[in-house]
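These notes are about the structure you will find just below.
The values are calculated or read from the model by the stated rules, or taken from the named source; none is laboratory data. These numbers were taken from a predicted model, which means no experiment stands behind them. Positions of Cβ are backbone-derived with ideal geometry, glycine not excepted, and every protein chain shown enters the neighbour counts.
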Amino acid sequence: MIERNKQMRTRPLLRIGPVGVLALALLAPGALAQQAPAPTMEDEIRSFCGNIADAARDQRYLMQKKELEELQAGVDERIERLDERSRQYRDWLQKREEFMRVAETQLVDIYKNMRPDAASAQMEILPPQVAAAIIMKLSPRLASAILNEMDSEKAAGLTGMIASAAAPDLPEDPS
């Protein structure tokens, strides 16, 4: 009898029988299906809020994109202004270099050896750019003597050209 009890404990499914096993197999999927919870109000609220959050996130991304595009347009505009200023500076530099090349010719040596009154008479009939370039290459003592002998208006014009060549009036703030 002890042995029979041992066999019954070790084979519980055999006691149910084949019909019981079949019934258990048919009911098992239904039991699992019953375990899935039905959607609750909380789940619906969470889903609704998630959809609203997605729409809000999309709207926020669109606003940020628009703001970035506006900032990019501002940066592009500043780059254009800086490029324009750079072109202006290159043009000015080219004119100044050309101006300095004119002054480096043989005329400088000729005017160095002339008397100030004769040099001033000659410079009054030269184009102002050429005269200013020559004066810039002379020693300060000789240049001042020549300017002293010239007509005061022409001397002032040449002095203004020399001063503007030395200190260009470019804007200080490139923005």
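On inspection, A132 passes the criterion of being surrounded by 16 or more Cβ atoms within 10 Å (Cβ to Cβ), in contact (Cβ under 8 Å) with a residue 12 or more places away in the chain and of a type outside the set (D, E, K, R).
Residue under question is V75, and the condition is that it be touching a helix residue (DSSP H, G or I) at 6+ places or on another chain (Cβ under 6 Å), in a helix (DSSP H, G or I) and either modelled with pLDDT of 65 or more or closer than 30 Å to L138 by Cα (or both); does it hold? So V75 fails the test. Among the residues making up the range 58-100, a single one is aromatic (F, W, Y) and more than 30 Å from A166 (Cβ to Cβ): Y61. Taken together, the criteria exclude I52 from residues that are at pLDDT 85 or above, part of a helix (DSSP H, G or I) and among the hydrophobic types (A, V, I, L, M, F, W, C).
Residue-by-condition table, conditions (1) touching a residue at least 60 places away in the same chain (Cβ under 8 Å); (2) surrounded by 13 or more Cβ atoms within 10 Å (Cβ to Cβ); (3) among the polar types (S, T, N, Q):
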{"site": "K66", "(1), (2), (3)": "no, no, no"}
{"site": "R81", "(1), (2), (3)": "yes, no, no"}
{"site": "E84", "(1), (2), (3)": "no, no, no"}
{"site": "L147", "(1), (2), (3)": "no, yes, no"}
{"site": "M150", "(1), (2), (3)": "no, yes, no"}
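May I ask you to verify whether Q94 is loosely packed, with under 15 Cβ neighbours inside 10 Å and of a type outside the set (F, W, Y)? Yes; evaluated as a whole, the condition is true for this residue. Counted as qualifying within the range 107-169 are the helices (runs of 4 or more DSSP H) with 2 or more residues that are modelled with pLDDT under 90, namely 107-112, 128-137, 152-166.
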